[in-house]
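Here is the structure we will look at, set down as structure tokens.
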Amino acid sequence: MTKFIKHRDLKIGWYFCLVAVLFCSCVEPYEIGTETFESALVIEGTITDQLETQEIKLSRSFKVEEDTPSPENNARVIVVGDDGAEYNFNSLEKGIYQSNNPFRARAGVNYTLEVTTQDGNNYSSNPSELSGTSIIDDVSAIRTIQPIGGVDSDGVAILVNSRGTNDNNSYYRYTYEETYEIRSFYQVNDKFIITENGGIGIVPKEEQDYICYTTKYSNEIILTNTNLLTTNDVESVPVHFINGNSRSIAYRYSILVKQFSLSREAYEFYELLKELSGSESLFSQNQPGSINGNVFSVSNDNEKVFGYFSVSAVDSKRLFFNFTDFFDFSEFPASQFDCTITRPFPFFADFITSGTYMFYGIPLGPNPEEGDGPYRVAASVCIDCTILGTTEVPEFWVE
């Protein structure tokens, strides 16, 4: 196996909201919607054994016909340890709350999440303590064939090996963030400008827009456990698969994998949540009434609250690889954009101000295939990589 070893938060809000909609809806398909909808608080939170700024997310479940959950802002959020410690969280935008100061969860201490929303309602979690350990031995990559949607896809699988250090079964959840290099389809050193008299000029670019970087975060529930193993070590856990046709691995690619230890109860919650979110139909044989989190309303025993507050040991490792580590140049993925060079005629300043096209070059002679315009242009996304990412090199990046 080819191996490459170098060193955000699971976005499960959609899944929680799916479950919330399921809880609050009737079994008749046409009854879903405004008439049967009941808003419910959704709590997502994991504090870790790493000395870092911890994070809690609060939102409201949303209707089927809506696109995104509504963030719950301006709440009072505290994590309390049974050792007497209290950690206050600051309200940021989009329902995100971060601890005022970095702290770490400690073994043997039970932690409780306490939330007071801006309307004065109180919520809490059951006490949770640090579960097990989390030690990643390595993160590796291998070229493999994987069936996706009934079709065999050739690509790269990201695998994790880890080891346990106690006699109990180990339960883990994984997240990842992938960062990759983007290169413009064309490298062009000049650009259009609008002159003072409203004309069109061509000047050298002040900053490069050929090489950029972008980061994407996992939004799936990835779990494993050692229940059926003779040891607590896990080998070759698949955490991600990248199709060989993806431009994300066209040049240089990096992935940071995080492994979170889970209690058995937390694992079962995430496992059921994964089953529900993967259902082909909202009204499958999976009955959402059987899923139980560990958060509840203190103010109203009958109020529905969704989510889970957990305390996890976490470890992480980063992996880098290049396209040519696994593929030949003949297999290079095609651009997902139409980068045809054209010469629009008539050519107006609107082409520039609208951002539709960017300067590619001056025609050297007639070319009927490109058109009759005075300038050779291409779609902006094919020339300016900042449309898809940033030119700032990540601090962790290694060539």
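The values are calculated or read from the model by the stated rules, or taken from the named source; none is laboratory data. These numbers come from a predicted model, not from an experiment. FYI the Cβ positions are ideal-geometry reconstructions off the backbone, even for glycines, and counts take in every protein chain you see. Accessible surface is based on the protein model in full, side chains and every heavy atom, while ligands, DNA and RNA are left aside. Shrake-Rupley method; radii C 1.70, N 1.55, O 1.52, S 1.80 Å.
Quick notes on this one:
- Filtered residue count, segment 74-97, keeping only those that are small (Gly, Ala, Ser), more than 24 Å from the chain's Cα centre (by Cα) and in a strand (DSSP E or B): 1
- Residue count for segment 311-329, restricted to those that are assigned to a loop (DSSP other than H, G, I, E, B) and either open to solvent by 20 Å² or more (accessible area, probe 1.4 Å) or closer than 21 Å to Lys258 by Cα (or both): 3.
- Once segment 99-111 is narrowed to residues that are surrounded by 16 or more Cβ atoms within 10 Å (Cβ to Cβ) and in a strand (DSSP E or B), the residue that is farthest from the chain's Cα centre (by Cα) is Tyr111.
- Contacts under 7 angstrom Cβ, first residue in segment 146-161 being under 28 Å from Asp233 (Cα atoms), partner in a strand (DSSP E or B) and of a type in the set (Asp, Glu), 6 or more apart: Asn161/Asp137; Asn161/Asp138; Asn161/Glu235
- Test: residue in segment 249-263 that is touching a strand residue (DSSP E or B) at 6+ places or on another chain (Cβ under 6 Å), under 23 Å from Gly293 (Cα atoms), surrounded by fewer than 20 Cβ atoms within 10 Å (Cβ to Cβ) and not aliphatic (A, V, I, L, M): yes
- Flag for Val234 being in contact with a strand residue (DSSP E or B) (Cβ under 6 Å, 6 or more places away or on another chain) and either acidic (Asp, Glu) or modelled with pLDDT of 95 or more (or both): no
- Of all the listed residues (Lys274, Lys304, Lys258, Lys317), the sole one being within 30 Å of Asn126 (Cβ to Cβ) and modelled with pLDDT of 95 or more is Lys258.
- Search result, residues across segment 359-389 that are under 14 Å from Asp338 (Cβ atoms), open to solvent by 20 Å² or more (accessible area, probe 1.4 Å) and part of a strand (DSSP E or B): Tyr360, Ala379
- Any hit, segment 345-357, residues being of a type in the set (Phe, Trp, Tyr), surrounded by 11 or more Cβ atoms within 10 Å (Cβ to Cβ), under 28 Å from Tyr180 (Cβ atoms) and at pLDDT 95 or above: no
- When segment 121-136 is filtered for residues that are part of a strand (DSSP E or B), closer than 24 Å to Asn225 by Cα and open to solvent by 50 Å² or more (accessible area, probe 1.4 Å), only Glu129 remains.
- Test set (1) in contact with an Asp or Glu (Cβ under 9 Å, 6 or more places away or on another chain); (2) in a loop (DSSP other than H, G, I, E, B) - Phe296 fails condition number: (2)
- Comparison of Val139, Val188 shows that the only residue that is touching a strand residue (DSSP E or B) at 6+ places or on another chain (Cβ under 9 Å), part of a loop (DSSP other than H, G, I, E, B) and either within 30 Å of Asp350 (Cα to Cα) or modelled with pLDDT of 95 or more (or both) is Val188.
- Of everything in segment 41-73 that is charged (D, E, K, R), assigned to a loop (DSSP other than H, G, I, E, B) and modelled with pLDDT under 90, the residue that is least open to solvent (accessible area, probe 1.4 Å) is Lys63.
- Residue under evaluation Ala349, criteria (1) within 34 Å of the chain's Cα centre (by Cα); (2) more than 20 Å from Glu207 (Cα to Cα), criterion not met: (1)
- Just one of (1) among the polar types (S, T, N, Q); (2) open to solvent by 40 Å² or more (accessible area, probe 1.4 Å); (3) in a loop (DSSP other than H, G, I, E, B) fails for Ser335. It is (2).
- Residue, nearest to Ser277 (Cα to Cα), within segment 206-221, restricted to residues that are polar (S, T, N, Q) and open to solvent by less than 90 Å² (accessible area, probe 1.4 Å): Ser218
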